[in-house]
Every structure is written in C-alpha cells, then in structure tokens.
Amino acid sequence: MPVFMDDSSEERPNQELGRGLIYIHEKLGTRILQHQDLAAHVYALTELLIANGTVSLRDFEARKTTTKDAMVGEALAHWEGARVLTDETDKYTVVGPDINCAERIHLCRAACCKLRFYLSKQDLSEQKIRWNVGEPYQILHRKDGYCSHCDPATKVCNEHQHRPLVCRRYDCRSDPRIWEDFENAIPNPALTSPPVSRVAD
C-alpha cells in the first residue's frame, strides 16, 4: 500500500506511519550491528569447537572476524529495501545537467522515470514524494513501471518542483540504458521492452 503524505487531515495517519517507520529502521540498523557482533562470537566459537576440539586465541579472533563480516553482510542485504540516502545535500541547491528533456521525451519516453532509487531524508521530511511501504523508502512506481509522479499522458513530472535529489543529479547522457547515442538522439532499442533496471544511488 503506497504512502502519500500531505497536509490534509485524512493523511495524518500516514504521516505518523512514515515518521514511525523512519525511526524504527534507524534504530534497528544500529541494533542489528550490535547483535551481529555478539552472534559472531557464539557462532565462531561453536564452529571451532566442533571442527578442532580446541581453541586458541589467535584462531578464535581470526574466525570471529571472518564470521562477523559474513553475518553483517547478510544482515545488510536483508535490509537493503529499508534504506534512506545518507547524503545531506539540500536538493534545492543542486544544479542538474543541461538537457532539454522536452525535445527528447518522445524518443526516450521518459525512461528515467522507470529507474528505481531510494529517497533522501529531505525528500521524506517534505512529505511530497510518494514511496512504497513494501520497499521503504524507494520511490513509488505504478503497475506500468513509471514513477507515480510521472503523468501517464505527457510523461511530465507532476512534482517537478519537489523532485528527489537523485532525480536532480541524474544525467542520462552517458547512461547506455537510455541512449545508444545521445548526441545523435538515438535511444536504446531496449526501451520498448519491460521496465529499465535499477539505478545506483
């Protein structure tokens, strides 16, 4: 179920949900790392006792480090869908690339609006941009693959003034998923295929 926040009284529960989820995920992120440190001790010791029957301090520390790194990596992978950009840049100070989208949108079909990324804390605090509760705090997409703020008919962003930090910085000119040849206005032929893959944040 998507969360869309504005100043209306009907959206007040969603505002509280949004703030609550942000708080919970930040706290859980810290707790997960603390838990992994303790669990790494237990698992490493158990593995050595089973494998060797004896334990030396050097072996224990080496095994603990290896086990901890593996467990932390696994834990973070499970929480990949609950990320918020840590970049604290004020998005309204960002000057994006000089691209005349209006002249090219009939060719690229606003393919950048199919890219998936996570919102910044500033984006979330403004309560203007929709995000997916099922994949916090990823920009919300419609069933057709486009961002929920992309007008289905015109492909123009309905929240352009408040568009996310990632959108402001994104430069499609060198992205082969969008253009086969930007200068000659030749789009990637794959744009007629299913949704474009995720953009790195």
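Some notes on this structure:
- Filter pass, residue 22 being within 30 Å of residue 131 (Cα to Cα), modelled with pLDDT of 75 or more and either in contact with a Cys (Cβ under 6 Å, 6 or more places away or on another chain) or not hydroxyl-bearing (Ser, Thr, Tyr) (or both): yes
- Residues being under 16 Å from residue 111 (Cβ atoms) and either in contact with a helix residue (DSSP H, G or I) (Cβ under 7 Å, 6 or more places away or on another chain) or part of a loop (DSSP other than H, G, I, E, B) (or both) - total across segment 125-147: 5
The values are calculated or read from the model by the stated rules, or taken from the named source; none is laboratory data. In this text, all values refer to a predicted model and were calculated from it rather than measured experimentally. Cβ coordinates were reconstructed from backbone atoms using ideal geometry, including for glycine residues, and neighbour counts include every protein chain displayed.
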